[in-house]
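The values are calculated or read from the model by the stated rules, or taken from the named source; none is laboratory data. Note that the structure is a prediction, hence the values are computed from the model and not measured. Methodologically, a virtual Cβ is constructed for each residue, glycine included, from the backbone with ideal geometry; neighbour enumeration extends over all protein chains shown.
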Amino acid sequence: DAGVTQSPTHLIKTRGQQVTLRCSPKSGHDTVSWYQQALGQGPQFIFQYYEEEERQRGNFPDRFSGHQFPNYSSELNVNALLLGDSALYLCASSYYGLSTDTQYFGPGTRLTVL
Amino acid sequence: QKEVEQNSGPLSVPEGAIASLNCTYSDRGSQSFFWYRQYSGKSPELIMSIYSNGDKEDGRFTAQLNKASQYVSLLIRDSQPSDSATYLCAVHPPMNTGFQKLVFGTGTRLLVSP
């Protein structure tokens, strides 16, 4: 049973650049959520996708955008990168039909902005 | 007031002892509660979920929930050095849409000494 996968593992960018991170959900899951985890902090919710639509969004600027594809995989795009965007970006998948909606995390993408 | 609060630690316990990790949450309508373990440089791994008042046991782990006191705890019996990690408490705040996001505390760092 394939778990949640993310790519790339690590990424180094410079300020002002744009980045795309990718996520494939766990087999059988249809909902993808993205989180940002700064060093020493808990993950912060960015947004969530279901049926190719953004269903809810956390307190992040419009520079953060996303997409979900028909196969349930998802992308997170960040434009005009700032130093403060350096963090571990986590993708979590779940199945919308379950009321408990347990989320399982991928290995994460470590983004460093110089 | 933070939505989910945890003592950042570190909590130091000797091998074989019981480690007790605590978490409080602010939104009384929260329904689902989760404990994740995160090793340094890795992504969060789900340990326990709990939805009803009382205790829930799984191997060496016991989660305890008291909704009246808005308090969740995790007990780890017979602690092992391999349990040394950061433990994240996460909550589903009440939502009207049916879609759930996780709100995390900052995590408690546990150190188990041989």
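Is it the case that some residue within the range A:79-92 is under 14 Å from the mean Cα position of the chain (by Cα), surrounded by 13 or more Cβ atoms within 10 Å (Cβ to Cβ), under 11 Å from B:LYS101 (Cα atoms) and at pLDDT 95 or above?
Within the range A:79-92 (the criterion being under 14 Å from the mean Cα position of the chain (by Cα), surrounded by 13 or more Cβ atoms within 10 Å (Cβ to Cβ), under 11 Å from B:LYS101 (Cα atoms) and at pLDDT 95 or above), the answer is yes, since at least one residue qualifies.
Looking for whichever is within 28 Å of A:GLY3 (Cα to Cα), in a strand (DSSP E or B) and in contact with an Asp or Glu (Cβ under 6 Å, 6 or more places away or on another chain) here; the options are B:THR86, B:THR62. Which one fits?
None of the other options fit; the residue is B:THR62.
Go through the range B:69-111 and give me each residue that's free of Cβ contacts under 8 Å to residues at least 24 places away in the same chain, under 18 Å from B:ARG28 (Cβ atoms) and buried (at least 16 other Cβ atoms within 10 Å of the Cβ).
The one that is free of Cβ contacts under 8 Å to residues at least 24 places away in the same chain, under 18 Å from B:ARG28 (Cβ atoms) and buried (at least 16 other Cβ atoms within 10 Å of the Cβ): B:LYS101.
Answer yes or no as to whether B:PRO114 is modelled with pLDDT under 95 and either surrounded by fewer than 14 Cβ atoms within 10 Å (Cβ to Cβ) or within 14 Å of another protein chain (Cβ to nearest Cβ) (or both).
Yes: the conditions hold for B:PRO114.
Can you give me the ranges of the strands (runs of 3 or more DSSP E) entirely in the range B:1-56 with at least 1 residues that are in contact (Cβ under 8 Å) with a residue 12 or more places away in the chain, buried (at least 16 other Cβ atoms within 10 Å of the Cβ) and within 14 Å of chain A (Cβ to nearest Cβ)?
B:19-25, B:32-38, B:45-50
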